[in-house]
Amino acid sequence: MNQIVRPSSFVPTGLVVDGARGDDASINITVRSSSPTGVCPSCGTVSRRVHSRYRRHVMDLPLSGRHARLVVIARRFRCDAVFCGRQIFTERFADNVLASSARRTARLDCIVHHLGLALGGRPAASFARRLMLPVSNDTLLRVVRRRARIPSEPLNVVGIDDWAWRRNHRYGTIVCDLERRRPVILLPDRERATVEAWLADHREIAIVARDRGGGYGEAVARALPHATQVADRWHLMENASRAFLDAVRKSMRQIRSAIGATTINSDLLTCAERIQYEGFLHREETNTAILSLAKEGVPIKQIVRRTGHSRKLVRQVVRGEHNDVFRSRQSSLETHLPWLDAQWNNGSRNAAALWRKIRQLGFGGSARVVAEWATRRRRAERADAQSLARVPSARTIARLMTIGRDSLSKAETVTIAAIEGSLPTLVEAREAIAAFHAMIRRKAEADLTSWIDRARKSLVASFANGVGKDEAAVRAAIILPWSNGQTEGQITKLKLVKRQMYGRAKIDLLQARLIGAL
Ligand SMILES: [Zn+2]
């Protein structure tokens, strides 16, 4: 403490200040090396023989609110070593002071680099201006590129995944070192050949985690046949859930009738009744019109012409014989309706067959009556299927049948019970998916083959077939601790960096920023 601060403490180590001059905005500091000797870069011989001097202008960190520029009085030395081909060499400074032919001191360059990594070109340049660091947009990006460290340690476990340059348009590939938890390289596309070529240069890789999309698996198999492939656990879980959702979607028709048969049966009847009632109103209207004309003394022939109804119908209405032509036939079914409903709900929907059975039970009407009833019933059900509010979506049903199962409301319990009661195959699929999830969570690799065999016979067969095709990688996913989870994390970071670059990102720069940012 309380030492006198000498001018040389404001400049990088190894330099001494010869003088300084400046104004309100900037300051020029003349410096030289504190060492009396130079070392020949070709042969390493130390030389004291100065040939000449020259000036190097380099920017340094701002000093007391002014731009600081160093004027370095650099020397040229003679090399005296007889065997050295070089006669004259220029003086070098340590890389952490001033790199050869650099235009910034190392300490300024370091800050510029980190600004570029953190903010990208243009935002970093405007921020740098505020910090009084004299660098342009291009310089920032150039520094980031130049200082990009390509990791050189041998790779052992890597994760591969794709990332979007532009969603649904162009994709690249990212490779991460899962042991060191950092990205290794960005590849410009996700073509199998590109990935294969890169992998072939890294034969030391022993384990590759990748998702279940075919391309990467094939690339790994060709380039690194000895490597263990690991399917991504998160994707496996996700795909399994999706397979169950698909099974629910495929069963929606049966689900609708299962729900309709129990919870909203009374609604169906009201629907059927409404259709009947509308027909009744329509007929009433016809009757009233015909009767009022008849009251006015209009002859039947005239009424037929004016209303367009048949001569027979008009005559019947006028004579009061048939107030409700269709109604009488419908009513003949009334005593049999409960039986018919039960048959219908059990799935016998063939009107002719129903008519044959109902005739044995004492129904005297024609087959057409039953056929009409069946049509009304079908129409009512269709009308109901269209009112979406009543039947939950496939996604909701899938959720209620799986994760939401423990917290069902009373109405949901009835609905799910109805579905499970009438769709045993769906229950079976649900069990298969639950078993798969449990197998991954509990690392029960021994169950995999039997699970595949069992699930192949269920509604989630296509998922099971996919797992079967990729069995080794799925097995590895169950046993090994490696997963692409952290690769996903790197992709999130990549997206952030890419967004800061306003879509003008070049792959090397993107990579430099992603990898350099660690
Ligand atoms: Zn030399």
Exercise. What are the residues in the stretch 1-20 that are of a type in the set (A, V, I, L, M) and part of a loop (DSSP other than H, G, I, E, B), if any?
Worked result: MET1, ILE4, VAL5, VAL11
Exercise. Can SER422 be described as open to solvent by less than 70 Å² (accessible area, probe 1.4 Å), of a type in the set (Ser, Thr, Tyr) and modelled with pLDDT of 75 or more?
Worked result: yes
Exercise. Which condition number does HIS437 fail, the rest of (1) within 29 Å of ASN346 (Cα to Cα); (2) in a helix (DSSP H, G or I) being met?
Worked result: (1)
For this session: Scan the stretch 309-333 for residues that are at pLDDT 75 or above, outside any loop (DSSP other than H, G, I, E, B) and exposed (fewer than 13 other Cβ atoms within 10 Å of the Cβ) and jot them down.
Result: ARG311, LYS312
Exercise. Does PHE89 fit the bill of being more than 20 Å from ILE27 (Cβ to Cβ) and either away from the ligand (no atom under 12 Å from the Cβ) or open to solvent by 80 Å² or more (accessible area, probe 1.4 Å) (or both)?
Worked result: no
For this session: Taking SER462 as meeting all but one of (1) within 25 Å of GLN254 (Cβ to Cβ); (2) surrounded by 14 or more Cβ atoms within 10 Å (Cβ to Cβ); (3) polar (S, T, N, Q), write down the number of the exception.
Result: (2)
Seminar exercise, completed: Here the residues within the stretch 31-86 that are outside any strand (DSSP E or B), open to solvent by 50 Å² or more (accessible area, probe 1.4 Å) and within 16 Å of the ligand (Cβ to nearest atom) are PRO41, SER42, ARG48, ARG49, ASP80, VAL82, PHE83, GLY85, ARG86
Exercise. Could you say which residue among GLU179, GLU191 is closer than 21 Å to ILE478 by Cβ, open to solvent by 40 Å² or more (accessible area, probe 1.4 Å), charged (D, E, K, R) and without any contact (Cβ under 8 Å) to a residue 60 or more places away in the chain?
Worked result: GLU179
For this session: Name the helices (runs of 4 or more DSSP H) wholly inside the stretch 444-510 in which the number of residues that are at pLDDT below 80 is 1 or more.
Result: 485-500
For this session: Considering only the stretch 126-185, state which residues are among the aliphatic types (A, V, I, L, M) and in a loop (DSSP other than H, G, I, E, B).
Result: LEU131, MET132, LEU133, VAL135, ALA148, ILE150, LEU155, LEU178
Exercise. Looking only at the stretch 99-157, which residues are more than 20 Å from LEU510 (Cα to Cα), within 30 Å of the chain's Cα centre (by Cα) and open to solvent by 30 Å² or more (accessible area, probe 1.4 Å)?
Worked result: ASN156
Problem set entry | Positions within the stretch 334-353 being closer than 12 Å to VAL369 by Cβ and open to solvent by less than 40 Å² (accessible area, probe 1.4 Å), in sequence order | HIS336, LEU340, ALA351
Exercise. Do we have any residue at all in the stretch 21-29 that's acidic (Asp, Glu), open to solvent by less than 60 Å² (accessible area, probe 1.4 Å) and either away from the ligand (no atom under 16 Å from the Cβ) or part of a strand (DSSP E or B) (or both)?
Worked result: no
For this session: Assess whether LEU509 counts as being under 22 Å from the mean Cα position of the chain (by Cα) and closer than 30 Å to ASN156 by Cβ.
Result: no
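A quick yes/no check of all residues on (1) within 30 Å of ASP138 (Cβ to Cβ); (2) touching a strand residue (DSSP E or B) at 6+ places or on another chain (Cβ under 7 Å):
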residue	(1), (2)
GLU420	no, no
ASP447	no, no
TRP482	no, yes
LEU494	yes, yes
LEU510	yes, yes
Exercise. Counting just the residues of the stretch 1-20 that are over 59 Å from the mean Cα position of the chain (by Cα) and farther than 30 Å from ARG129 by Cα, which one comes out farthest from the ligand (Cβ to nearest atom)?
Worked result: ASN2
Exercise. Just checking, which of ARG306, ARG356 is over 30 Å from ILE255 (Cα atoms) and either open to solvent by 60 Å² or more (accessible area, probe 1.4 Å) or at pLDDT 80 or above (or both)?
Worked result: ARG306
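The values are calculated or read from the model by the stated rules, or taken from the named source; none is laboratory data. Everything numeric here is computed off the predicted structure, so don't read it as measured data. Cβ atoms come from the backbone with ideal geometry, glycine included; neighbour counts cover every protein chain shown. Note: accessible area is taken over every heavy atom of the protein model, side chains too, but ligands, DNA and RNA are not part of it. Shrake-Rupley method; radii C 1.70, N 1.55, O 1.52, S 1.80 Å.
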